[in-house]
Amino acid sequence: MRKWYEEEGEYSDVVISSRIRLARNLKKYPFSPKLSEEQAVALNHEVMEKLEDIKNESGTYLTCSINHMDEISRLSMLERYIISPIMVEKKQETGLMVAPDERASIMINEEDHLRIQSLTGAMNMKKALEEAYKIDDYIEEKLDISYHNQYGYLTACPTNVGTGLRASYMVFLPALDAAGNMTQLMNEAGKFGVTIRGMYGEGTKACASIYQISNQKTLGMSEEDIIEKLDSVVLQVIHQEQKRREHILNTNFSVLEDQIYRSYGVLKYAKQINTKDAMTLLSQLKFGEDTKTVTLEKPNMIFRMMMEIQPANLQQKLGKIAGSAQRDQKRAEYINMYLPELIK
Amino acid sequence: MLCDICHKREAKIYYTEIRNGEKKEQYLCEECAAGQSTFQTNKGEYSIEGTLNNFLSNILGSIYGEGEQKENKDTMPRCESCGISYEDVLEHGKFGCAHCYDSFKVMVDKSLRQIQGANNHIGKQPERAKDSSKSYVLNMTETEKLSLQLQEAIEREEYEEAARLRDQMRVLKGEEECVNGMKKKENTAM
């Protein structure tokens, strides 16, 4: 079963993933600001019961309660992009239904009653949208969804009303980052109704040159138009990044090559390493792989490693670890072990 | 002349209060006058702006609020269905329920135009919604239609028309006594 982050596809040297999120609410319950504890429990029960047979190619969705999980498990799911930051924090009853291959999920009682999420690797928003529609149509058969003839799908926050659609590309922009172009790019994208944010979305910092690019507006345009508009901006960003990479390769190849091999060396033999350093080095290695400066035995492992060395994921994977010093050792051990061999 | 309370700002308002048969006269600045608890009910010499604001929130408040005798600050519109006030919506940026979109329609339309640049949905819709969209206006109750007209009147700043529509709604809701009471109050206030 291939996970989304192992997938090759269009522009996969720059675009890591394409994600669709649809916000939906049930007619029966008030929105989250007015939802009581009892109603939150009832909402979770109802959704899980009515949707119990939902499945995709990888099998029937797995169902779990999020607020009853321990914090490490919740954070770990956030780090793997299964749930959102709001879900990690929320004390009320929250739930999750997720496909075994983690490509599709439904968050229950996030900011809206339902958040449908669909993920594919590389640049393929069309496929992500198709998948999300399948889930949406299935849900509409089983549950009464709040829809307004003028405003479309109603959401708790007016910034999501209409289509309820957030289409988001995760992109890797090391060359633009190194050239100091990101702030300017963020401002310019804003003028086209497009937002550029950090690796874990709203309010998170950019890390390892990984950014999320998504649409701002959700009303007054069809889903297809929203995506087309977003794509035109993203394609420009991709071309700028590629041009910049080419320039670096042409003018500074030996420096770059040296840097990539050094990063590989440190990752392979370090005895302790914190998240930030590891992310920077992995980012350089990914750059080497994407520009074909180095070839790795197992392709597309680097982004997966980036997710897995995040504090909560590491803790989850390696059992109980006491402090950050111990975690840094374990992180180094993990990287030493899983770092793919170089093909000379 | 300086204000009798703060002794700092220029007094602009002549304020008379009769409490327990005792007459008390004061010259106040606007800030201190607004702080007087009884001042809100004494509309004689307040600025025109204040009266208009009161009037507007009274119109909205009497439709959305539950009671008549609310204090000024409580007359912000509320959603009939979930009870959330528009102030709360503004503060948190989130609505309380699906009905809020209709309860605060004037503001919703305005703010959606600002946030989204549009206020009509184009795109995917549920199967069952496809037939009902045409009959949307036809299916509105008389009160709902009036409510829409009222909000439009307020937006055009046609307050007399708004008051007329409000009264009509009241009648429909079978609250005639209430309306008469309000009319008397307004006549003395204006």
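Could you run the Karplus curve 6.51 cos²θ - 1.76 cosθ + 1.60 with θ = phi - 60° over the range A:276-285 and give me ³J(HN,Hα) per residue in whole Hz, x for Gly and Pro?
4, 4, 4, 5, 4, 5, 4, 4, 5, 5
Taking the range A:114-183 on its own, what percent of its Cα-Cα pair distances exceed 17 Å? Can you show the working numbers first?
Details: 1401 of 2415 pairs.
That fraction is 58 percent.
What share of all Cα pairs of chain A, in percent, falls into each consecutive 10 Å distance bin?
5, 24, 32, 24, 11, 3, 0
Rounded to two decimal places and with Rh computed the Kirkwood way over Cα pairs, what is Rg over Rh for the range A:1-162?
Working: Rg = 15.5 Å, Rh = 16.2 Å.
Ratio value, two decimals: 0.96.
Roughly what would the spin-label model give for B:R164 and A:K320, points 7 Å off Cα along C-beta, in nm?
Here the answer is 7.7 nm between the modelled labels.
Per residue of the range A:327-343, what does 6.51 cos²θ - 1.76 cosθ + 1.60 with θ = phi - 60° give for ³J(HN,Hα)? Whole Hz please, x for Gly and Pro, Karplus curve as stated.
Residue by residue, the range A:327-343 yields 5, 4, 5, 4, 4, 4, 4, 4, 5, 3, 6, 8, 4, x, 5, 7, 9 Hz.
Can you pull the one-decimal nm distance between simple spin-label points at A:D225 and A:E188, each 7 Å off the Cα toward Cβ?
Modelled inter-label distance: 2.5 nm.
Can you pull the Rg over Rh of the range A:250-343, Cα-only, Kirkwood?
Details: Rg = 13.5 Å, Rh = 13.5 Å.
Reported Rg/Rh (Cα atoms, Kirkwood Rh): 1.00.
Residue separation times 0.36 nm, minus the C-alpha to C-alpha distance between A:K243 and A:N336: what's the value?
Values: separation 93, 0.36 × 93 = 33.48 nm, distance 3.28 nm.
Residue separation times 0.36 nm, minus the Cα-Cα distance, leaves 30.2 nm.
In Å² (nearest 100), what accessible area is buried between B and A, both sides summed, heavy protein atoms only, 1.4 Å probe?
Values: alone 13370 and 16250 Å², together 26670 Å².
Approximately 2900 Å², summed over both chains.
Restricting everything to alpha-carbon atoms, can you work out Rg to Rh for the range A:1-56 with a Kirkwood hydrodynamic radius?
Working: Rg = 17.6 Å, Rh = 14.9 Å.
We get a ratio of 1.18 for the range A:1-56.
Taking a 26 Å limit on the Cα-Cα distance, which of the listed pairs A:K90/A:K271; A:K34/A:K90; A:K91/A:K276; A:K127/A:K317; A:K127/B:K124; A:K217/B:K110 fall beyond it?
Working: A:K90/A:K271 37 Å; A:K34/A:K90 14 Å; A:K91/A:K276 29 Å; A:K127/A:K317 31 Å; A:K127/B:K124 16 Å; A:K217/B:K110 15 Å.
Long pairs (Cα-Cα over 26 Å): A:K90/A:K271; A:K91/A:K276; A:K127/A:K317.
Efficiency by 1/(1 + (r/R0)^6): what FRET value for A:D137 and A:S232, r their Cβ-Cβ distance, R0 = 41 Å, to the nearest 0.05?
Values: r = 28 Å, r/R0 = 0.68.
E between A:D137 and A:S232, to the nearest 0.05, is 0.90.
Put +1 on the Cβ of each Lys and Arg and -1 on the Cβ of each Asp and Glu in chain A; which of A:V294, A:A167, A:F192 then has its Cα farthest toward the positive end of the dipole?
Farthest towards the positive end: A:V294.
Report, ordered by chain and residue number, the aspartates and glutamates lying within cross-link reach of A:K50, taken as a straight Cα distance under 13 Å and ignoring same-chain residues fewer than 8 apart.
A:E140, A:E141, A:D144
State the answer as a single residue: which of A:M123, A:I72, A:F31 lies farthest towards the positive end of the charge dipole of chain A, with beta carbon charges of +1 for Lys and Arg and -1 for Asp and Glu, about the Cα centre.
So the residue furthest toward the plus end is A:I72.
The values are calculated or read from the model by the stated rules, or taken from the named source; none is laboratory data. Everything quoted here is computed from the prediction, not taken from an experiment. Backbone-built Cβ (ideal geometry, glycine too); neighbour counts: all protein chains shown. Each accessible area value is taken on the protein alone, full model and side chains, heavy atoms only, with ligands, DNA and RNA left out. Shrake-Rupley method; radii C 1.70, N 1.55, O 1.52, S 1.80 Å.
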